1. Using the Karplus equation 6.51 cos²θ - 1.76 cosθ + 1.60 (θ = phi - 60°), what ³J(HN,Hα) coupling, rounded to whole Hz, does each residue of the range 34-44 give in order, writing x for Gly and Pro?
2. For Asp647, list long-range residues whose amide hydrogen, built 1.01 Å from N in the peptide plane, is under 5 Å from its own amide hydrogen.
3. Give the residue from His489, Gly409, Thr435 lying farthest towards the positive end of the charge dipole for the range 340-492; charges sit on Cβ (+1 for Lys and Arg, -1 for Asp and Glu) and the dipole is referred to the Cα centre.
4. GluC sites (Glu not before Pro) within the range 663-709: which are DSSP loop residues with at most 15 other Cβ atoms inside 10 Å?
5. Using modelled backbone amide H atoms (1.01 Å from N, in-plane), which distant-in-sequence or interchain residues come within less than 5 Å of Asn583's amide H?
6. Determine the shape class of the range 414-558: with a ≥ b ≥ c the square roots of the Cα gyration tensor eigenvalues, call it rounded for a/c under 1.5, and otherwise prolate if a/b is greater than b/c, oblate otherwise.
7. Grab the beta carbon distance between Asp425 and Val290, set R0 = 60 Å, and tell me the FRET efficiency rounded to 0.05.
8. At 1.4 Å probe size, with the rest of the protein present, what percent of the exposed accessible area of the range 507-587 is carbon and sulfur atoms?
Amino acid sequence: MTRPSLRPAGALALVAVWLLVAIALGAAGMLWPVPPWVLWPAAIGATATATVACRLAASTGSDVTRAFWRRLGSAVVWLSVGGVVQLGSRLFIEDSEKLNPAAAACFAVAAGFAMVAVIRLPHPRRTWRASVALCLDMAIVATAAAIIFSHFLWNTANPASGGTATATFMLIVMVTGSAAVAAVIKAGVAGSGPALSPALWTLAPIGLISPAAWLLAPAMAPWPHLDMAVASLPVASLFIALAGWVQCRVNAGGEVRPASTERRRAWRDISLVPYVSVAAVASLLIFMTVRDGFLTPGLAGGSVMLTVLVVTRQLTALLDNAVLLDRLEDQAHHDDLTGLPNRRLFTATLARRGTPTTVAVCDLDGFAALNDRLGDETGDALLRAAAERVTAVTGADAVVARLLGDEFGVLAPGDDTGLAEALVDAFRTPLRVDTRDLLVTVTAGVATGAGDDVPDLLRRAELALQAAKYTGADRAREHSSALDATAQHHAELSAALRRGLELGEFRLLYQPIVELPSGLVTGVEALVRWHPVDQPVVSPAEFIPVAEHSGLIIDLGAWILDQACADAAAWQREHGAAGPRVNINVSARQLLDPDLPGLVAGALHRHGLTPDRITIEITETAVFAGGAALETVRELRELGVGLALDDFGTGHSSLTLLRTCPVTTLKVDKSFIDDLNGTAEQEAIASSLSTIASTLGLRAVAEGVETRDQADRLHALGYRYAQGYYFARPVPAADITALLTAPVLTP
């Protein structure tokens, strides 16, 4: 343990020793004659040590914590002073059991300081409803305490009932009890924060010490050295020292006592104190009724007042619950960020429509990458601005909802097939987001219908949206029956894809990449083919988009990666450095998978393949926006594999991409190769790309070469690598070995 936790523990142990000494002396005095003042030195020692415990608790923590313990320390000082005065009175003035008035005044001042210390604790800011509920809870606790204390004091002070309490002790008990009740209210009802609540709960039992001492007073009467004051001080000091130790543990960040996290979470928002108070009063009323057969006017009046308070508190709770239910109902049907209706309310509203209705759905193009680049706060502001734009375009008669993260839906009366195009046009003007203008386009789908078709319009509009996305961004698409047929076909194809993966129906072919002008094969590009059992071969142009959309491209890509690495490792073992480098295509969806670098590293290790023997082919559009995809590309490059930009020049071509994306190869698209042997203007792009690649130290590979003239012209323009049907069509891995031994150029 650290030194700060030893000192409070030492003070607590010393107070416990003083208490044991007092108990031992008290017991001895019951057997042998002792001076009447024999317990007062132990009581004074206990209170003085408790003062030290208060000073230790006030040495750390927040300003509020230190102030509380300084005030409580002042209260304990007055207890010590009162003990010294009483001891001096017995030694030098009058050896009597009576409490010296000056000592009694010191004890009363001490109790007053304790009450002030508790009352001065700050409370958290609350709403007016929460403040009313808190005041009622406090009134319930205070009323219950008043009923119990007043009944107790009446019976101890009323001579008719055998009571012998003096007015001074009545005052001390009332103030001490009030301080204890205030501590309970602060700890259990009003809330005093995690820093002070454990200590307040430890201090609360002090309020029961004086009443307990009075109850024991008749039994102590035969022994003059035992009186109420001297019996109370060591026990009170022990509670104060224990609370100081608890406070020091809390200030140091330690755990006071083990407790179930689930239990604390379950009861953290429920105050049991008012319920315990009502139960205590109810028990008292039942006991008095059974014993006497009636209730005194004080108890009856107090019980009526307590009942009124409890009923009022329950009414406020019911009103609060009604407000909460209304708020939850609103939150269940509206989006917190934009304030628009959510998907649940949108579909419920749509289900109630029967007249001709139009539903349009749009989402922001590239929002995820934009959010990653600009941050969540800007992304949220962008969504709010987009919601305002959609609302402004659709008019007051339409219902606008936020359906998903960046997807908005519009429900408009009538047949308006141009609504989707209107949304697309509206977003071609930049959005004002905070202090900047951001141009964010949308892609939209629309569906119209009436009668029984209305509930299905949202599905149709989203189907049209997906169809629009297949063809690109910043465009609109209207639903048609053909889209339903296409969706059904895609669903069936997705299921067949999954079965094909499980049954091993996919094959890899390899198209050679040759060196110019020799025609020697230096690399191959892996191309996947699907051969369903007892069915025709399915074109990649048909199943790859479906795999992308369904997410099966992740599993299919993992299989392609593993098989291509296995073939590359076999060529490396057979041909050494002369074995071909293998290019493996990776989709945009795969680049968003954080596990992709691990999959590549695992495949290389599993097949014993060096990283420089494979090249990962990516598209410009997949990494143009940056974000997670670009980070994945950088991780792949750190593995040592090559990176090629496929179809370069046809996507979001930007020379800055060549600086931010660590590529090693540019694959020039076939569309530029088709223009070779034409005019200088037609060859300008192909020539420029070759120069750029050479300047940046990149390999330039010309795709789609189909004639000898194109091959010769590419060599003249500076290209050293090419692929296309002129050299070879895609072939199985077994046929690549034969091509490695001889040039593939035809005369």
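1. 9, x, x, 8, 4, 7, 5, x, 5, 5, 5
2. Under 5 Å from the amide H of Asp647 lie the amide H atoms of Lys667, each far enough along the sequence or on another chain.
3. In the range 340-492, that residue is Thr435.
4. Glu706
5. Val524, Glu525, Ala526, Thr615
6. Values: a/c = 3.12, a/b = 1.53, b/c = 2.04.
Since a/c reaches 1.5 but b/c is at least a/b, the shape of the range 414-558 is classed as oblate.
7. 0.10
8. So the carbon and sulfur contribution to the accessible surface is 55 percent.
The values are calculated or read from the model by the stated rules, or taken from the named source; none is laboratory data. Note that the structure is a prediction, hence the values are computed from the model and not measured. Please note: Cβ atoms are built from the backbone with ideal geometry, for glycine as well, and neighbour counts cover all protein chains shown. SASA here: full protein model, heavy atoms, side chains in, ligands and nucleic acids out. Shrake-Rupley method; radii C 1.70, N 1.55, O 1.52, S 1.80 Å.
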